[in-house]
Each structure stands twice: as C-alpha cells, then as structure tokens.
Amino acid sequence: MSNRGNDDTPPTEVVWLDDTCSGHGVSPPEGVLSIENVARMFRVSQFMLRYYELRGLISRRHSLDGVRVYGWGDCERIAFIIKCRKAGLVLGDIVMIIQAAEDDISPLQFKIGRETCKAMITRLEQQRRIISEALAELGHADSLLNTRLFGEAESREPDAE
C-alpha cells in the first residue's frame, strides 16, 4: 500500500524542520498546517497521518476556523519518521525513540528508547559499511566494463582500415 495517496510525482527529499520553521524555509501550501496540506507537503496519505496520530506520534492540537491543524513540532516528527522509514527502520522502534524523548516518560521507558536508538544507529552504520563496500565493488566493475567497451572499440578501429 502506498503512503503517497494518488500523487504520481516523484518523492522529494524530506527536510528537517524546527518549531520556528527556520529549517529550509519550507511552508505548507496555502499557509495552514491542515491534515490535507501536511499530507501534501510530506507526500504521504492523510490516512498515514491519522495512523501516526493513533499511535501517539503526532497530534493536532489547534483549531483554525473549525479545521484542526498541526504544529511545526509535529511536522518535525513526521520528517523524522519518514527519514527513518526510508532507511528501513520499523515504526515500532521509531515509536520507542519518540516516546523516550517525551518529558513525562518513566526512567524504564527512557532506557528502552535510548537502547533502541543505539541499536538502530549500530544497524544503520553496519548497513552503510556494506553499501560502501558494494559501491566500491560496483565502481570497480564499471571501470572494467568501460575499459573493455572502449578498449575493444579502439582496438577494432585500426583493423577497419
């Protein structure tokens, strides 16, 4: 199931935001952080945002002319969640980290969230090493293939005369 709804445009890089919106100057369409605009801004479905609300990851706190809107803190969390999901992390682990960052968390929940965060960092660093090695091997193979392609083409040219 797609997180992007019916939008066929290619995904763009998710930017980090802060409560002052000074990150990359990103502002939602039409200037209101409604569920529709936030979904469009992050290229996710409204259903996904409602699911994040259900899991307690974000919450619409404000109302503007009868329309409930998100805060920039929620947008920052959404950006964090999307980046973690793109890296292959499961939502359950992301939930633990976000919950550990709350002010009213128990020491045990804090400890579990911190350990989860460390484990995810270790796993992503291992993946980065594996990807770096694979990229180096692929780069070497590409060089060999280019040499073979252009080397054979050059060696055939004198024979053609």
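In table form, for the structure just shown:
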quantity	calculated
Selection count, the stretch 39-70, where residues are closer than 28 Å to Ile121 by Cα, in contact with a helix residue (DSSP H, G or I) (Cβ under 8 Å, 6 or more places away or on another chain) and not aromatic (Phe, Trp, Tyr)	12
Close pairs (7 angstrom Cβ cut-off, 6 or more residues apart or separate chains): in a helix (DSSP H, G or I) in the stretch 109-134, polar (S, T, N, Q) anywhere	Gln109/Gln99; Gly113/Gln99
Filter result for the condition that a residue is under 29 Å from Arg129 (Cβ atoms) and charged (D, E, K, R), over Arg40, Arg85	Arg85
So Phe110, is it surrounded by 14 or more Cβ atoms within 10 Å (Cβ to Cβ), of a type in the set (Phe, Trp, Tyr) and more than 26 Å from Arg40 (Cα to Cα)	yes
Subset of the stretch 71-107 (residues that are more than 23 Å from Gln126 (Cβ to Cβ), assigned to a loop (DSSP other than H, G, I, E, B) and touching a residue at least 24 places away in the same chain (Cβ under 8 Å))	Gly71
Matching residues in the stretch 82-92 - criterion: being under 14 Å from Thr116 (Cβ atoms) and either buried (at least 18 other Cβ atoms within 10 Å of the Cβ) or charged (D, E, K, R) (or both)	Cys84
Verdict on Tyr51 being buried (at least 18 other Cβ atoms within 10 Å of the Cβ) and not assigned by TED's automatic domain parsing to the domain that holds Thr116	no
Ala100 vs. criteria touching a Phe, Trp or Tyr at 6+ places or on another chain (Cβ under 7 Å) and either hydrophobic (A, V, I, L, M, F, W, C) or loosely packed, with under 12 Cβ neighbours inside 10 Å (or both)	yes
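Quick grid of which residues meet (1) of a type in the set (A, V, I, L, M, F, W, C); (2) over 16 Å from the mean Cα position of the chain (by Cα); (3) not assigned by TED's automatic domain parsing to the domain that holds Leu57:
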position	(1), (2), (3)
Glu76	no, no, no
Ala79	yes, no, no
Ala100	yes, yes, yes
Ser106	no, yes, yes
Phe110	yes, yes, yes
Ile131	yes, yes, yes
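The values are calculated or read from the model by the stated rules, or taken from the named source; none is laboratory data. A quick note: this is a predicted structure, and the numbers were derived from the prediction, not measured. Every residue, glycine as well, gets a Cβ built from its backbone with ideal geometry; the counts of neighbours run over all protein chains shown.
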